[in-house]
Amino acid sequence: MPLLGSDALKRIRAGNLTLGLGVHHLRGSAVPLLAKAAGYDWLFIDAEHGAISTPEISQICMATLPMGVVPIVRICTGALDEGTRALDNGALGIVVPHVDTPAQARRLVEAFRFAPIGHRSTGGSNACFGYRPPPAAEAQKILNAEILIIAMIETPQAVESAAEIAAIDGIDVLLIGSNDLALEMGIPGQVGHARVRAAYEQVAAACQQHSKVLGMGGVYDQEVASRYIGLGARMILGASDHGLLLEAATRRAEFLRALAPKPE
């Protein structure tokens, strides 16, 4: 049984432009169907800022796998145990925020890769193989090669360490958290600022040098997004569930209210 979602994983690793849908408030099996129908390639299931439980994460991941969409879970910085639990129950990638140093990046590889690369414990549901996994040695080899470990670059220190982080075997993506980076720079909300752009250029160069994928998060302005994609960002967090709902619901409400007869 091949790894479910492997085609989308290959597109991400190949540096094709792929789009992620942030999952903060939506729950249940409809989430990946909606993402697939809307043209997204992966889910960004947010356990750092979203109010979501481990059972809910597991159910969303398991519903996502047959859709050919990649379920990726963002955990809190120090919650590596939550990351391994997510991987054991259907996630195909883990995002860790505030990875500032090579030492922190190596800890992720140790936690989320099986031996001989890391020290992840074997076990779990085998949902990513459709519950028909190959023999253990082959399954662990496939998972070591396929799952995504994504380090978020969110501070000036991380930007300066980007080349060293990208050089680490087992790290696949450097995802710039644009809003946190701007906040740390003392320019909150200014994701199009020249200093943020310079950070994108530096991290993009590190990714290119070490054949890693550059990711972009927190940029929803079309002009700014096109600028950073032009610099090499390819794994794009395109939108969040609550953001899309609020945007579409607002437009619809404004349209319907505008149809009301004007008072004489």
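Restricting the search to segment 166-178, which residues are assigned to a loop (DSSP other than H, G, I, E, B) and among the aliphatic types (A, V, I, L, M)? Correct list: A167, I168, I171. Annotation: of all residues in segment 219-232 being within 16 Å of L21 (Cα to Cα) and in contact with a helix residue (DSSP H, G or I) (Cβ under 8 Å, 6 or more places away or on another chain), the one that is modelled with the highest pLDDT is V219. Taking the criterion of being surrounded by 18 or more Cβ atoms within 10 Å (Cβ to Cβ), of a type in the set (D, E) and assigned to a helix (DSSP H, G or I), the only residue of segment 142-160 that qualifies is E146. Quick check on this structure: which one of A139, A163 is more than 29 Å from D7 (Cβ to Cβ) and assigned to a helix (DSSP H, G or I)? So the residue among A139, A163 that is more than 29 Å from D7 (Cβ to Cβ) and assigned to a helix (DSSP H, G or I) is A163.
Checked against (1) in contact (Cβ under 8 Å) with a residue 60 or more places away in the chain; (2) loosely packed, with under 15 Cβ neighbours inside 10 Å, L26 passes all but a single condition, namely (2).
Screening A239, A182, A233 for residues that are aliphatic (A, V, I, L, M), outside any loop (DSSP other than H, G, I, E, B) and touching a residue at least 40 places away in the same chain (Cβ under 8 Å) leaves exactly one candidate, A239. Of all the residues in segment 217-258, those that are surrounded by fewer than 15 Cβ atoms within 10 Å (Cβ to Cβ) and closer than 16 Å to A35 by Cβ number 4.
Here's the yes/no breakdown for (1) within 20 Å of the chain's Cα centre (by Cα); (2) under 29 Å from L9 (Cα atoms); (3) modelled with pLDDT under 95; (4) among the charged types (D, E, K, R):
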residue	(1), (2), (3), (4)
Q190	no, no, no, no
V196	yes, yes, no, no
Y200	yes, yes, no, no
L214	yes, yes, no, no
G217	yes, yes, no, no
L237	yes, yes, no, no
D241	yes, yes, yes, yes
A249	no, no, no, no
R252	no, no, no, yes
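Note on segment 105-136: residues that are in a helix (DSSP H, G or I) and closer than 18 Å to S58 by Cα amount to 4. Filtering N126, N144 for residues that are within 26 Å of G68 (Cβ to Cβ), modelled with pLDDT under 95 and among the polar types (S, T, N, Q) leaves a single hit, N126. Taking segment 138-172 as the range and being touching a strand residue (DSSP E or B) at 6+ places or on another chain (Cβ under 8 Å) and charged (D, E, K, R) as the test, the residues that pass are E154, D172.
Against the list (1) farther than 27 Å from I60 by Cβ; (2) touching a residue at least 24 places away in the same chain (Cβ under 8 Å); (3) touching a helix residue (DSSP H, G or I) at 6+ places or on another chain (Cβ under 6 Å), the condition M216 fails is (1).
Of all the numbered requirements in (1) touching a helix residue (DSSP H, G or I) at 6+ places or on another chain (Cβ under 8 Å); (2) over 17 Å from G170 (Cα atoms), T101 misses one, and that requirement is (2). Selection over segment 185-199 of residues that are surrounded by fewer than 17 Cβ atoms within 10 Å (Cβ to Cβ) and in a helix (DSSP H, G or I) gives a count of 4. Restricted to segment 80-123, and to residues there that are in contact (Cβ under 8 Å) with a residue 40 or more places away in the chain and among the β-branched types (V, I, T), the residue that is surrounded by the most Cβ atoms within 10 Å (Cβ to Cβ) is V95.
The values are calculated or read from the model by the stated rules, or taken from the named source; none is laboratory data. Bear in mind the structure is a predicted one, so any value in this text is a computation, not a measurement. A quick note on method: Cβ atoms are made from the backbone with ideal geometry, for glycine too, and the neighbour counts reach across all protein chains shown.
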